[in-house]
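Trainee: Dumping the structure here so I can ask a few things about it.
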Amino acid sequence: MTEAKGYDIHIGLEVHAQLNTETKVFCACKNSFGAPINAQCCPVCMGLPGALPVLNQKAVEKAVFMGLALNCQINLVSHMDRKNYFYPDLPKAYQISQFDRPLCEKGWLPLLCGGKEKRIGIERIHLEEDAGKLTHSDQTGKTIVDFNRCGVPLIEIVTAPDLSSSDEAKAFLDTIKRTLQFLELSDCKMEEGALRCDVNVSLTPCGSQTLGTRVEMKNVNTFSGAVRAIEFEIKRQVHILTQGGTVTQETRRWDDQKGISILLRTKEEAADYRFFPEPDLGQIVLEKESVEHLKKSLPELPAQKFMRFVDTFGFSEKEANALLDSQGKCALLEETAALGECSPKSIGNWILGDVSRKLKEGESEEILLRRLTPVRLSQLISLTEKGTISSTAGKKVFALLLQEDKDPQELVEKYGLQQISDENLLRQVVQTVLAQQEKSVLDYQNGKKNALGFLVGQCMRETKGKGNPEMISRLLLEALNHPESTGRLPKML
Ligand SMILES: [Zn+2]
């Protein structure tokens, strides 16, 4: 993480998320990724003369829902505006967006990062349409214009410059992505461009109240790219300032492959876009009751879950992140914990350990979660915690459970996996092994302490792997260190 000695770092983000509505925002074209080029467009989204837009109510609802999740004020009356600029991926030569009266304003997101809790201001969330996509071919020297993406509903989430490190920016982006996914507002597939962000960075001398000159970086397509772009920009600005120079307000293009940003243009002002209210659409009027109703239907959000996992369940921030990265894992944890049989920490450890390993090995999450139900996971953990089965047998039961789709208890019985924790029985095993392994006993007595491991292994073999290894280890130590207490010395001692 880059630090800038003597300067405060201010980072702001503009996150663009495609909404997963059935149809586009102003026409009935299908909103889906991967169709053949220009197969999903119509006169409206291609901007043909005379075509009129009709606002998709679902898109408005989804934008408002995200606004409520981020504690925004919802404007009951708002409108769409035309943002005028020319680019080949924008057939109308203007984008329908929102300017002076967006759907949502003045919100905040609670963020826990590096043990520090802070609120990140959300300046606004507005609804707009996506542009088309240009694909440049070096081979033919030609560019393909695909209008399928024209008119896909987007929300733009604009933060205040409240983030002060690339770590915080990453934590913020992770939380926004999870929120969009938990609320089923966007599928957030970054590789398909469903979630993109612009980053702005400014530095001010420590303690100064005025904000420094803002430099914006476009084309940041991944969260790790955002981290690299921020780090690069902080270093670039520190270099300029320490050389006595001044930072100019500009927009730069982030090149993730080269790991550098390139000057795109000196910053345009809002006036350059000649914003004016979209004359083909009326005002957007929301009913107070429907907004209240939406607010009441909000579930517990990922930001709160994250804090609960850390503060109440005792997970580290890294573990909480790993659990929240998958809705399936998160639900498995919560539902298993709700059964009240095992502690959330031990459930989490299973999920982060064995379950995650299986998924990494290529097991389908859908099948895994269907077979490893909360009841079964709870039973499996209880069996190991009570010592009915060893932790090794626990792993075996887990693997069998995925193959055979049976309850852990059933599998333990079927495969005879119960652990032997009968002390008298194990003491006899220990005596037998000690009598057979005279050399190892001598080694141990002569200071070769690792001979103990071998003896434990022999006892496990004697019990066909079912002996309680901790108990065996304890009984072996007792016999080796205090042979008199057992009353039965191995004969050569
Ligand atoms: Zn269309």
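Trainee: In straight Cα distance, which lysines are under 26 Å from residue 30, not counting same-chain residues fewer than 8 positions off?
Mentor: Cα-Cα hits under 26 Å: 58, 62, 83, 92, 133, 177, 189.
Trainee: Under a plain spin-label model, where a point goes 7 Å from the Cα along Cα-to-Cβ, how far apart in nm are residue 298 and residue 410?
Mentor: Each label point is offset 7 Å from its Cα along the Cβ direction, giving 4.3 nm.
Trainee: Sticking with this structure for a sec: Expected output is a single nm value to one decimal: the length gained when fully extending between residue 386 and residue 448, i.e. 0.36 nm times separation in residues minus the C-alpha distance. What is it?
Mentor: Value of the extension gain: 19.0 nm.
Trainee: Next up: Using modelled backbone amide H atoms (1.01 Å from N, in-plane), which distant-in-sequence or interchain residues come within less than 5 Å of residue 275's amide H?
Mentor: Here 84 satisfy the definition.
Trainee: Also: Among 47, 384, 283, flag the residue with its Cα farthest along the positive direction of the charge dipole of the chain, charges on Cβ as +1 for Lys/Arg and -1 for Asp/Glu.
Mentor: Ranked along the dipole, the leading option is 384.
Trainee: Which pairs in the list 170/305; 329/358; 358/466 are over 19 Å apart, alpha-carbon to alpha-carbon?
Mentor: From 170/305; 329/358; 358/466, over 19 Å: 358/466.
Trainee: Just subtract the alpha-carbon distance of residue 360 and residue 345 from 0.36 nm times their residue separation and send over the number in nm, one decimal.
Mentor: That works out to 3.3 nm of additional length.
Trainee: Rank-order 419-432, 171-184 by packing density, defined as the average count of other C-beta atoms within 10 Å over each peptide's residues, highest first.
Mentor: The densest-packed peptide leads the list: 171-184, 419-432.
Trainee: Further question on the same structure: If you place +1 on the Cβ of every Lys and Arg and -1 on the Cβ of every Asp and Glu, how big does the dipole about the Cα centre of the chain come out, in debye to the nearest 20?
Mentor: Approximately 1060 debye in magnitude.
Trainee: Apply the a/c threshold of 1.5 to the C-alpha gyration tensor of the chain and tell me whether it is rounded, prolate or oblate.
Mentor: prolate
Trainee: Using a cut-off of 12 Å between beta-carbons, work out the net charge of the residues near residue 279 (Lys and Arg +1, Asp and Glu -1, residue 279 not included).
Mentor: Once all neighbours under 12 Å are counted, the net charge is -2.
Trainee: Residue farthest toward the positive end of the dipole of the chain, with Cβ of Lys/Arg at +1 and Asp/Glu at -1: which of 261, 437, 324?
Mentor: After comparing all options, I get 437.
Trainee: So what's the angle, to the nearest 10 degrees on a 0 to 90 scale, between helix 302-311 and the longest Cα principal axis of the chain?
Mentor: Helix 302-311 sits at roughly 30 degrees to that axis.
Trainee: Expressed as a fraction of 2.2 N^0.38 Å, the rule-of-thumb size for a compact globular protein of N residues, what is the C-alpha radius of gyration of the stretch 326-414?
Mentor: 0.97
Trainee: Another question about this same structure. Does the stretch 275-383 come out rounded, prolate or oblate by the C-alpha gyration tensor, with a ≥ b ≥ c the root eigenvalues, rounded set by a/c under 1.5 and, if not, prolate when a/b is larger than b/c and oblate if not?
Mentor: The shape class here is prolate.
Trainee: I'd like the Karplus ³J(HN,Hα) series for the stretch 56-73: coefficients 6.51, -1.76, 1.60, θ = phi - 60°, whole numbers in Hz, and an x wherever there's a Gly or Pro.
Mentor: My calculation for the stretch 56-73 gives 7, 5, 4, 5, 4, 4, 5, 5, 5, 4, 5, x, 5, 5, 9, 6, 7, 7 Hz in order.
Trainee: If you average the alpha carbon positions of the stretch 1-57 and of the stretch 337-377, how far apart do those two centres end up, in angstrom?
Mentor: The two parts, judged by their Cα centres, are 36 Å apart.
Trainee: Given the Cα atoms of the stretch 423-486, and with Rh set as the inverse mean 1/r over their pairs in the Kirkwood sense, what is Rg to Rh to two decimals? Mind dumping the intermediate values first?
Mentor: Values: Rg = 10.5 Å, Rh = 11.4 Å.
Taking Rg over the Kirkwood Rh, I get 0.92.
Trainee: Percent antiparallel among DSSP beta bridges with both residues in the chain, to the nearest 5?
Mentor: 90
Trainee: Separate question: Counting only pairs 8 or more residues apart or on different chains, how many lysine pairs in the stretch 369-441 have their Cα atoms under 24 Å apart?
Mentor: 9
Trainee: Among 131, 90, 34, flag the residue with its Cα farthest along the positive direction of the charge dipole of the chain, charges on Cβ as +1 for Lys/Arg and -1 for Asp/Glu.
Mentor: 34
Trainee: Sort the stretch 30-80 into rounded, prolate or oblate with this rule: let a ≥ b ≥ c be the square roots of the eigenvalues of the Cα gyration tensor; rounded if a/c is under 1.5, and if a/c is not under 1.5, prolate when a/b is larger than b/c, oblate otherwise.
Mentor: Values: a/c = 4.21, a/b = 1.74, b/c = 2.42.
In terms of gyration-tensor shape, oblate.
Trainee: Which order do the peptides 118-126, 61-69 come out in when sorted by mean C-beta neighbours inside 10 angstrom, highest first?
Mentor: Averaged packing, sorted descending, gives the order 61-69, 118-126.
Trainee: Using the crude model of +1 on Lys and Arg Cβ and -1 on Asp and Glu Cβ, and no other charge, please compute the dipole size for the stretch 326-414 relative to its Cα centre, in debye to 20.
Mentor: 260
Readers should treat all values here as calculations from the given coordinates under stated rules, not as data from a laboratory. All figures in this text were calculated on a predicted structure; none of them were measured in a lab. Virtual Cβ from ideal backbone geometry, glycine too; neighbours counted across all protein chains shown.
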